[in-house]
């Protein structure tokens, strides 16, 4: 493939990643509050638990369908299913059907990112992995940065369905763009697919794969806890309105735009993933502990603490992508698939632990327990090997 075609394809994927991120980010932080229209806060975690459970099952079979149908065609199918799922979610008044459609939108939300991973990795060479993956994630995170600010104004008096309508519009743009760019995005990789048990054994045998999967799980466990319970905590316990929360969240997410590209370049140049991992987790653990110990009702204080947490998370995320995609290729769809399986697994574990925690402790204790769990990251960072240039 020519260099010009590769550059053009990557620019297209950066754009698609940005718009797709908008579609996910718009309802991302209001999902848990939206679900309170159907169930009590104690059972919100059950929706995320079910979503994670069925996502794990779906993701497990996804490589087979990528190889059988093609990544390009499957991306179109997943997008259509997601759009239909959102339409049905915002039009139902039934708790049971809300649960079903929430799972449909959640599962397809995971699957489309696997499609995007395969697209991006198809146009990535190993020496530039850190730069390309972090540029890609910077576009994704730009969508997340601007979304809370807009959503805070869209919601008004709890107008959550309007937010989901915007999500449908963004997904439709992605769908049309993919269909119109078939020549650039159609599959040109011969995928390798193995039995699930074989893939698991290969991951377990590799110190690097086992380590990076554990690191990815801990980061996703933080995301799962933060996305579900931080909005509820700030809105219902601290007492911030949604406009204030929107401003806080947009400021909070700036590190993902500002830090990931420099971190990716540093990793490519100095093979410095392990050093940045250590710094990132140290910052993140301190910030999560502050979630528990901070009793202030000042928006500025909370904005700074949440900003600090994302400084750590953005460094970890950049190195997670850089390290993992330096040790796998686009053809290794089983590894990529399992790598994205970590996210629903974290939601499964995180929501399950949270349901138990809320039963016996106030909501803020979730963050204290999470800080202790994140301490295990130092062991996994120490175990992975430095990648030779």
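Table: residues versus (1) surrounded by fewer than 22 Cβ atoms within 10 Å (Cβ to Cβ); (2) over 21 Å from the mean Cα position of the chain (by Cα).
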{"residue": "273", "(1), (2)": "no, no"}
{"residue": "277", "(1), (2)": "no, no"}
{"residue": "282", "(1), (2)": "yes, no"}
{"residue": "336", "(1), (2)": "no, no"}
{"residue": "339", "(1), (2)": "no, no"}
{"residue": "364", "(1), (2)": "yes, yes"}
{"residue": "368", "(1), (2)": "yes, yes"}
{"residue": "378", "(1), (2)": "yes, yes"}
{"residue": "382", "(1), (2)": "yes, yes"}
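Given the options 288, 342, name the one that is in a helix (DSSP H, G or I), at pLDDT 90 or above and in contact with a helix residue (DSSP H, G or I) (Cβ under 6 Å, 6 or more places away or on another chain).
288
Does residue 386 satisfy being surrounded by fewer than 17 Cβ atoms within 10 Å (Cβ to Cβ) and either assigned to a loop (DSSP other than H, G, I, E, B) or touching a helix residue (DSSP H, G or I) at 6+ places or on another chain (Cβ under 8 Å) (or both)?
Criteria met by residue 386.
Working only within the stretch 24-43, note down all residues that are more than 18 Å from the chain's Cα centre (by Cα) and outside any helix (DSSP H, G or I).
If the condition is that a residue be more than 18 Å from the chain's Cα centre (by Cα) and outside any helix (DSSP H, G or I), then 36, 37, 38, 39, 40 are the ones that fit.
It is to be established whether one or more residues within the stretch 306-322 are more than 20 Å from the chain's Cα centre (by Cα), under 21 Å from residue 141 (Cβ atoms) and in contact (Cβ under 8 Å) with a residue 12 or more places away in the chain. Show your work before the answer.
Of the residues in the stretch 306-322, the ones more than 20 Å from the chain's Cα centre (by Cα) are none.
No - not one qualifying residue is present in the stretch 306-322.
Could you please let me know if residue 57 is out of contact with any strand residue (DSSP E or B) (no Cβ under 9 Å at 6 or more places or on another chain) and either buried (at least 24 other Cβ atoms within 10 Å of the Cβ) or touching a residue at least 60 places away in the same chain (Cβ under 8 Å) (or both)?
Working: out of contact with any strand residue (DSSP E or B) (no Cβ under 9 Å at 6 or more places or on another chain): yes; either buried (at least 24 other Cβ atoms within 10 Å of the Cβ) or touching a residue at least 60 places away in the same chain (Cβ under 8 Å) (or both): no.
The answer is no for residue 57.
Conditions tested, residue by residue: (1) surrounded by fewer than 22 Cβ atoms within 10 Å (Cβ to Cβ); (2) over 15 Å from the mean Cα position of the chain (by Cα).
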residue	(1), (2)
215	no, no
228	no, no
237	yes, yes
244	yes, yes
263	no, yes
266	yes, yes
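Could you tell me which numbered condition residue 296 fails, if it satisfies all but one of (1) in a helix (DSSP H, G or I); (2) over 16 Å from the mean Cα position of the chain (by Cα)?
With respect to (1) in a helix (DSSP H, G or I); (2) over 16 Å from the mean Cα position of the chain (by Cα), residue 296 is out only on (1).
Any residue in the stretch 14-28 that is modelled with pLDDT of 85 or more, in contact with a helix residue (DSSP H, G or I) (Cβ under 6 Å, 6 or more places away or on another chain) and over 25 Å from residue 224 (Cβ atoms)?
yes
Can you find a residue in the stretch 275-292 that is without any contact (Cβ under 8 Å) to a residue 24 or more places away in the chain and closer than 16 Å to residue 233 by Cα?
Yes; the residues of the stretch 275-292 include at least one that is without any contact (Cβ under 8 Å) to a residue 24 or more places away in the chain and closer than 16 Å to residue 233 by Cα.
Looking only at the stretch 194-201, decide whether some residue is surrounded by 19 or more Cβ atoms within 10 Å (Cβ to Cβ) and either farther than 29 Å from residue 28 by Cβ or modelled with pLDDT under 80 (or both).
The answer is yes; a qualifying residue exists.
Give, as residue ranges, the helices (runs of 4 or more DSSP H) completely inside the stretch 44-155 that count at least 2 residues that are at pLDDT 90 or above.
Helices (runs of 4 or more DSSP H) meeting the threshold: 71-91, 95-122.
Answer yes or no as to whether residue 314 is within 28 Å of residue 104 (Cβ to Cβ) and buried (at least 21 other Cβ atoms within 10 Å of the Cβ).
Here the answer is no, as residue 314 does not meet what is asked.
Looking at 228, 247, 215, 232, which one is within 30 Å of residue 67 (Cβ to Cβ) and assigned to a helix (DSSP H, G or I)?
After applying the criteria, what remains is 215.
Of the residues 348, 353, which single one is farther than 25 Å from residue 294 by Cα, surrounded by fewer than 22 Cβ atoms within 10 Å (Cβ to Cβ), in contact with a helix residue (DSSP H, G or I) (Cβ under 8 Å, 6 or more places away or on another chain) and in contact (Cβ under 8 Å) with a residue 12 or more places away in the chain?
Details: 353 fails: farther than 25 Å from residue 294 by Cα.
None of the other options fit; the residue is 348.
Taking the conditions exactly as written (touching a helix residue (DSSP H, G or I) at 6+ places or on another chain (Cβ under 8 Å), modelled with pLDDT under 90 and surrounded by fewer than 12 Cβ atoms within 10 Å (Cβ to Cβ)), does residue 359 satisfy them or not?
yes
Can you tell me which residues in the stretch 94-126 are buried (at least 21 other Cβ atoms within 10 Å of the Cβ), free of Cβ contacts under 8 Å to residues at least 60 places away in the same chain and under 16 Å from residue 74 (Cα atoms)?
105, 107, 108, 111, 115
The values are calculated or read from the model by the stated rules, or taken from the named source; none is laboratory data. Only a predicted model underlies this, so the values are computations on that prediction, with no experimental measurement involved. Neighbour counts are summed over all protein chains in view; Cβ atoms, including those assigned to glycine, are modelled from backbone coordinates with ideal geometry.
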